Structure formats: C-alpha cells, structure tokens
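Down below is the structure, laid out as structure tokens.
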Amino acid sequence: MNTIADNIRQIKALLPEGVTLVAVSKFHPAEAVRQAYDAGQRIFGESRAQELKAKQQLLPDDIEWHFIGSLQSNKVRDIIPFVHTIHSIDSLKLLQEVHIQAAKHGRIVNVLPEIHLAREETKHGFTPKECKALLQGFNPADYPFIRIVGLMCLASDTEDMAEVQQEFHCLHTLFVECKKAYFQKDDSFRELSMGMSHDYLPAVREGSTMVRIGTGIFGNRK
Ligand SMILES: *Cc1c(COP(=O)(O)O)cnc(C)c1O
C-alpha cells in the first residue's frame, strides 16, 4: 500500500513547476498531517474552524494553514491568529469580517473569492457577475489587512470530465478578465485555486496554480 509520503511524491511529480499543492487534511488526524509534514509538505487545507484550531495547536509552527470550507462569520476570529489563506470567501460580509479580525491581530491574510460555476445549487460563492461587482468596488486601501490573491472554484461533482474542464476554463477566463480590469499592476493577484483529487489534472491543464488534494494523499475520509 502507498504511504502518505508516496502519494505526495507521485502527485508532485505530475504537477508542473509553480503549481502549489494544498494537502487537504480535513477529517484526518494530526498524526496523518505529521506524516505528510515529515515528507516535506508544509501547506495544509482544512474546512472546519474547530478542527483547524485543534490541529494547529498540535503541529509545527511553520505549517502554512489554508482554510477551504464554508466559513461562518462568527468562526473567523478562531482561525485568524494563524490562518495564512482563506480560499472560500463567499460574501462581502465574510470578506469584511476577515479584514476586521485580521486588523485586530495586525496580520495580513490572503483571501480568494469563491466562484460558483458548478451546476449544483448547493455550492457556495459569487457568480462571475457578482465577482466582478465585488472587485470593481474593492479599494485595497480600505482593506490593508487582507490581500485578494486570486479566485477559487469547485467544479461540478460529475463523471463528465468535459463539463468539469469547461468549468475550469470559465474560471481561468474570469481570472484573466479580473486581472486585466482590477489588478493589472498588482502582482499578488495570481492564484487560480482549482482541482481536487479526481479532477486536478484537467484543472492544471486549464491553468490552476493551486490544487487542493485530500483523498489522493490521505485516503478516504471516515
Ligand atoms: C474536501 C475538499 C477538497 C479535497 O477533496 P478530495 O476529493 O479529497 O481531494 C478540496 N477542496 C475543497 C473545497 C474541499 O472541501
């Protein structure tokens, strides 16, 4: 059987240079994170505030913690002291709350608006139109404690890889439009967070710069 270290090595071998691997450790114990850490992995993604906080306390300080799940405003303060990047900003209210809490700690937190492209109604996020309105109205000078570093999406949960690839293509197109319109001179807007265990290769083909992989590294979640 493959170890966590084997899985990481195999995935990294398939990722082009410059694509960041976020190891999604949600529902797996700190011990599993430790094994990945010992294999050299430093970037981990979690989707629940309590779980992230608990693991952060048990594990080394040089881990870069990313939050990838839906986040309630009243949980922001629990993760703000240490979270590096929040991929799942799905409302202006949440963006503002992240800024308020980050300011209290004097930290700059990276954020990505989550874009809703999938067919499922249950997915969170801004439509492309809402995203453009958000960015149009966003004045970085008003938000010194957050940095919008890119866009994130989840593709439809379907076997139809052509459909999935098409959704990733749409996110890339939206990214290019937003870059041109709102971040032309801002190098920090550079990330396309897309692709999970079963669809990271099509995501990379469509320009993903951050893949979020859980099952492919840690096995099935309990
Ligand atoms: C759980 C999760 C992942 C990882 O999913 P796998 O299929 O286990 O790779 C990626 N992104 C988000 C937003 C998730 O919630």
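Just so it is clear, none of the values below were taken in a lab; they were calculated from the coordinates. It should be emphasised that the depicted structure is a prediction, and the values quoted were computed from it without experimental measurement. Using ideal geometry, Cβ is built from the backbone for each residue, glycine included, and neighbour counts are taken over all protein chains shown.
FRET efficiency for the R77 to R190 pair, using the beta carbon distance and R₀ = 35 Å, is estimated at 0.80. Placing unit charges on the Cβ atoms only, positive for Lys and Arg and negative for Asp and Glu, gives segment 50-139 a dipole magnitude near 240 debye about its Cα centre.
Label-to-label distance, M1 versus H84, with points set 7 angstrom from Cα along the beta-carbon direction: 2.9 nm. Computed per residue of the chain from DSSP H runs no shorter than four, each worth -39500 (n - 2.57), the mean residue ellipticity at 222 nm is -11500 deg cm²/dmol. Between F27 and K93, what is the FRET efficiency for a Förster distance of 22 Å, r being their Cβ-Cβ separation, to the nearest 0.05? It comes out at approximately 0.20. Between E177, E159, E206, which gets the highest mean-square fluctuation from a Gaussian network model of the chain, Cα cutoff 10 Å? Highest fluctuation of the listed residues: E159.
Within the listed set V33, V176, V22, the Gaussian network model of the chain (springs between alpha-carbon atoms below 10 Å) gives the highest mean-square fluctuation for V176.
Database remark: amide H of R147 closer than 5 angstrom to the amide H of V109, N110, V111 (H placed geometrically; neighbours at sequence offset of 5 or more, or on other chains; Pro and chain starts carry no H).
When the listed pairs K12/K129; K55/K129; K104/K222; K129/K185 are checked against a 32 Å cut-off, the alpha-carbon distance exceeds it for K12/K129; K55/K129; K104/K222. Backbone N atoms of segment 194-220 closer than 19 Å to the 7 Å Cα→Cβ label point of M161 belong to residues 194-209, 211-217. Just so you know, the Cα atoms of the chain work out to an Rg and Dmax of 16.7, 51 Å. Bridging of K75 to aspartates and glutamates at a Cα separation below 20 Å is possible for E46, E51, E64, D90, E97, E114, once same-chain residues fewer than 8 apart are set aside. Note down the net charge around R42, summing +1 for each Lys or Arg and -1 for each Asp or Glu among other residues with Cβ under 9 Å from its Cβ. Once all neighbours under 9 Å are counted, the net charge is -2. Taking amide hydrogens as placed 1.01 Å from N in the peptide plane, the amide H of S88 sits under 5 Å from those of L112, each at least 5 positions away in sequence or on another chain.
For H116, what charge total do you get from the other residues with a beta carbon under 12 Å from its beta carbon, if Lys and Arg give +1 and Asp and Glu give -1? Around H116, the surrounding residues sum to -3.
Mean-square fluctuations from a GNM of the chain, with a 10 angstrom spring cutoff on Cα atoms, peak among A23, A141, A102 at A141. Within the shell defined by Cβ-Cβ distances under 12 Å, the residues around Q165 carry a net charge of -4, with Lys and Arg each +1 and Asp and Glu each -1.
Relative to a virtual label point 7 Å from the Cα of T122 in the Cα→beta-carbon direction, which members of segment 185-222 show backbone nitrogen distances below 14 Å? In segment 185-222, the label zone of T122 (backbone N under 14 Å from the point 7 Å along Cα→Cβ) covers no residue.
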